[in-house]
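Single-structure report; data block below.
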Amino acid sequence: LYDAAEASTPADWGAVLPQFETNPDGSFDFEAPLVKPEKLVDIELGAGFRSSRFSGSANLYYMDFRDEIIKKGGLDRFGQPITGNAEHTVHTGIELSGRWQMLPQLALNGNALISQNELKSYRVFENGSAPQVLDGNPIAGFPNTLANLRLTYAWQGLYASLLLKYVGKKYTDNFESEENSVEAYKVVNLSLRYNLQKIGLRGLTLQASVNNLLNKKYLAHGEGSDFFPAATRNGFFSVQYALDQ
């Protein structure tokens, strides 16, 4: 209803106005906020199974929104996404997950999402021009595909995990413009942990991680025409000591 972060900005930045409709006399109608509450009908159907070596699940969903608060494709002066209501939007998809215990020490697990995120009824008014109809366009910020695949080895205090992460293409505005989109990318992360209890150092654990192991250059995110590259290969090392409870 009101951007409180801007309440103390300099006057020459422009007036900070509450987001309410105005009465004929110019006063604010505090019973009529410009941003409306979201309304959602969500229908889901799922199933799963589990055995000693295998497990898996699948979930179908249909989410019908009225007045969903979505990204409008841009940032405010503090770098926060600008949002607003879309009259009618629909999110549909399938979520999958599974695990395979290949050996007592070795496991492979993963999950994936295949979805469609669509503006069913959405109009944009810019610079006093006629409204632009964006019905049928994808919603900004929602990739249609996501997936993770993790290989894990755990034995006698040693834990090692290799993660392959995939994020599909997503648009940074609601106009479905190719210049305002983030291409799909894949990235590999490595995690290591060793509990030193086996060598007599009870409670002491060494941890290390390497993100973007293959040192790939890619865009991780975007808002409108602003894009944010991911970090190149980077690592962390930590020592953890746990006191007996």
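The values are calculated or read from the model by the stated rules, or taken from the named source; none is laboratory data. Bear in mind that the values here come from a model prediction, so they are computed numbers and not experimental data. Ideal geometry is used to build each Cβ from the backbone, glycine not excepted, and the neighbour counts take in all protein chains shown. Accessible surface is based on the protein model in full, side chains and every heavy atom, while ligands, DNA and RNA are left aside. Shrake-Rupley method; radii C 1.70, N 1.55, O 1.52, S 1.80 Å.
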### Candidate set from the stretch 221-237 (those that are small (Gly, Ala, Ser) and modelled with pLDDT of 95 or more); member that is nearest to Pro143 (Cα to Cα)
Ala230
### Query
Residues of the stretch 103-117 being more than 15 Å from Gly56 (Cβ to Cβ), open to solvent by 60 Å² or more (accessible area, probe 1.4 Å) and in a strand (DSSP E or B), which ones?
Leu103, Ile114, Gln116
#### Entry: Unique residue being at pLDDT below 80, on the phi < 0 side of the Ramachandran plot and surrounded by fewer than 13 Cβ atoms within 10 Å (Cβ to Cβ) when the list is Phe54, Phe28, Phe78, Phe20
Phe78
### Task
List every residue pair whose Cβ atoms sit under 7 Å apart, with the two residues 6 or more apart in sequence or on different chains, where the first one lies in the stretch 212-234 and is in contact (Cβ under 8 Å) with a residue 60 or more places away in the chain and the second, anywhere, is assigned to a loop (DSSP other than H, G, I, E, B) and among the charged types (D, E, K, R).
Gly224/Asp173
### Query
Here are Ala86, Ala154: which of them is open to solvent by less than 40 Å² (accessible area, probe 1.4 Å) and either in contact with a helix residue (DSSP H, G or I) (Cβ under 8 Å, 6 or more places away or on another chain) or on the phi < 0 side of the Ramachandran plot (or both)?
Ala86
### Message
The conditions are (1) out of contact with any Pro (no Cβ under 8 Å at 6 or more places or on another chain); (2) open to solvent by less than 50 Å² (accessible area, probe 1.4 Å); (3) not polar (S, T, N, Q), and Leu192 fails exactly one of them. Which is it?
### Response
(2)
### Output for the stretch 118-149, where each listed residue is assigned to a loop (DSSP other than H, G, I, E, B) and loosely packed, with under 15 Cβ neighbours inside 10 Å
Phe125, Glu126, Asn127, Gly128, Ser129, Ala130, Pro131, Asp135, Gly136
### Message
Residue pairs, Cβ under 8 Å, 6 or more apart or interchain, first in the stretch 137-157 and over 18 Å from Tyr171 (Cα atoms) and among the polar types (S, T, N, Q), second at pLDDT below 95 and not in a strand (DSSP E or B). List them.
### Response
Gln156/Lys198
### Task
Evaluate the stretch 178-189: report whether one residue or more is of a type in the set (Lys, Arg), open to solvent by 50 Å² or more (accessible area, probe 1.4 Å) and within 23 Å of Ser115 (Cβ to Cβ).
yes
### Task
Return yes when Leu204 is surrounded by 14 or more Cβ atoms within 10 Å (Cβ to Cβ) and more than 18 Å from the chain's Cα centre (by Cα) and no when it is not.
yes
